[in-house]
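The values are calculated or read from the model by the stated rules, or taken from the named source; none is laboratory data. If you're wondering where the values come from, they're calculated on a predicted model, not measured in any experiment. Here the Cβ positions follow ideal geometry from the backbone for every residue, glycine too, while neighbour counts run over all protein chains shown. Protein only, heavy atoms only, side chains kept; ligands, DNA and RNA dropped before computing areas. Shrake-Rupley method; radii C 1.70, N 1.55, O 1.52, S 1.80 Å.
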Amino acid sequence: MSLPPGAGPVPVSGISSDIDPELAKAASELNAWIKYLMDPNSNDGPRIYADRSPSATGETDSEFSKRVEPLDSDAQYQAESVLRDLAGDLGQFFRSAQAVAGVKESALEATYLKLTEGCFTYTDKNRKADTDGAGNGEPVTDVKYPELHPARMNWMQMRKSWYGKEDTGAHEYENDYIAYSVYTENLLYIVALNLARYRAIFKKAGEDIAKLMNALMERFGRKDVFDDGSSPATFDWKSIAVTGIVAAVGTVITGGAAAPVMMGLVATEVIGEAVKTTQDGRQKHLELGNADALADIARKYVSEARKIEDEVAQAITELYSQMRNELDDMREKRKYQAKPTDSATTMWVPHYKDYIEA
């Protein structure tokens, strides 16, 4: 978006170009436009020519898209800002943007990577899944996430010389312990996915507010808004409510290789899935309307930005509940039979004595 003539971007507190580059750029340019419009005597841009004595003339104030020399030299009129009615709280142009800014992806990424580095379900080039110590074994694949750790096979090798119920008990214990561990790691993957959803909510909100800012600035910069009597086009984009991201699917580790996917890629994926699966109730339109006065368009911008901010608050609340439900569902799958001779199930960590002594 082009800046006002002779002006440079004016950074906005709380919106960092290092953390939110697109939003920071739009906000700093909008800030420059606001300062430009608030001081019409210093430029040739949009202004209101206010009648100094309206009671005597009966005329009303008029808005123009640029300086009009005859009116400038007429003592009856005074140039005022098109945003004069909003001058008492210019911070409202940026408050919603500040509310969704500041999510430091690198800090979230560090936590995300810890959550996705499982012992049984994850490996890297330095941690090969094998059965013979040479990297030639096959991982266990009949679980939700492949078992790449060789523990199951190593234990079987260790007890080859066992006989009797100890061998059977040990085998049952190993199966339950690894199942418990795999599902525990799956719980961490659920938390990791919701961390990516959290990032995606703020990312999408920032993108939408930046679009609104750019549209508002485009209206500020049009020279023909009022001069030819035509109605300016309505700015209208279809988007999704960020609440649609809450349940969007994403993959935190790949299938066969069980390698972690970077959180930024997962956040982009869940946004894309939300776009594909969103229902009418989750769709929205970003729009500024077709008002004549720039102040009215500015008010519409503030209102639309606040709606996005409210959506973020709702989405975070929904995300909290959604994650708890997903974790509860996975915990149910972690149930196993604690003792071979007992039909009771448990979700506690398996203890080998329960199997050997049964």
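Could you tell me which of the residues Gly255, Gly229 is on the phi > 0 side of the Ramachandran plot and modelled with pLDDT under 85?
Gly229
Do any residues in the range 170-181 that are of a type in the set (S, T, N, Q) have Cβ atoms under 8 Å from those of residues that are at pLDDT below 85 and open to solvent by 50 Å² or more (accessible area, probe 1.4 Å), where the two are at least six apart or on different chains, and which pairs are they?
Cβ pairs passing all conditions: Ser181/Cys119.
Is it the case that some residue within the range 278-293 is more than 20 Å from Asp236 (Cβ to Cβ) and either part of a helix (DSSP H, G or I) or at pLDDT 95 or above (or both)?
Checking the range 278-293: not a single residue is more than 20 Å from Asp236 (Cβ to Cβ) and either part of a helix (DSSP H, G or I) or at pLDDT 95 or above (or both).
Test Thr317 against the stated conditions and say whether it is without any contact (Cβ under 8 Å) to a residue 12 or more places away in the chain and open to solvent by less than 50 Å² (accessible area, probe 1.4 Å).
In short, no.
Limited to the range 1-51, what total is found for residues that are under 30 Å from Val103 (Cβ atoms), assigned to a helix (DSSP H, G or I) and open to solvent by 40 Å² or more (accessible area, probe 1.4 Å)?
4
Would you mind stating whether Gln337 is open to solvent by 70 Å² or more (accessible area, probe 1.4 Å), touching a residue at least 60 places away in the same chain (Cβ under 8 Å) and touching a strand residue (DSSP E or B) at 6+ places or on another chain (Cβ under 7 Å)?
yes
Give me the pairs, please: first residue somewhere in the range 294-311 and open to solvent by 10 Å² or more (accessible area, probe 1.4 Å), second residue anywhere and assigned to a helix (DSSP H, G or I) and of a type in the set (Ser, Thr, Tyr), beta-carbon distance under 7 Å, and either six or more positions apart or on two chains.
Within 7 Å, the pairs are Arg306/Ser96; Glu309/Ser96; Glu311/Thr243.
State whether the residues of the range 340-357 include one that is closer than 30 Å to Phe93 by Cα, open to solvent by 30 Å² or more (accessible area, probe 1.4 Å) and either at pLDDT 85 or above or in a helix (DSSP H, G or I) (or both).
Within the range 340-357 (the criterion being closer than 30 Å to Phe93 by Cα, open to solvent by 30 Å² or more (accessible area, probe 1.4 Å) and either at pLDDT 85 or above or in a helix (DSSP H, G or I) (or both)), the answer is no, since none of the residues qualifies.
Could you check the range 150-191 and list, in sequence order, the residues that are open to solvent by less than 60 Å² (accessible area, probe 1.4 Å) and over 20 Å from Tyr336 (Cα atoms)?
Pro150, Arg159, Gly164, Tyr189, Ile190, Val191
Looking only at the range 61-74, decide whether some residue is of a type in the set (S, T, N, Q), modelled with pLDDT of 90 or more, assigned to a loop (DSSP other than H, G, I, E, B) and out of contact with any Asp or Glu (no Cβ under 7 Å at 6 or more places or on another chain).
no
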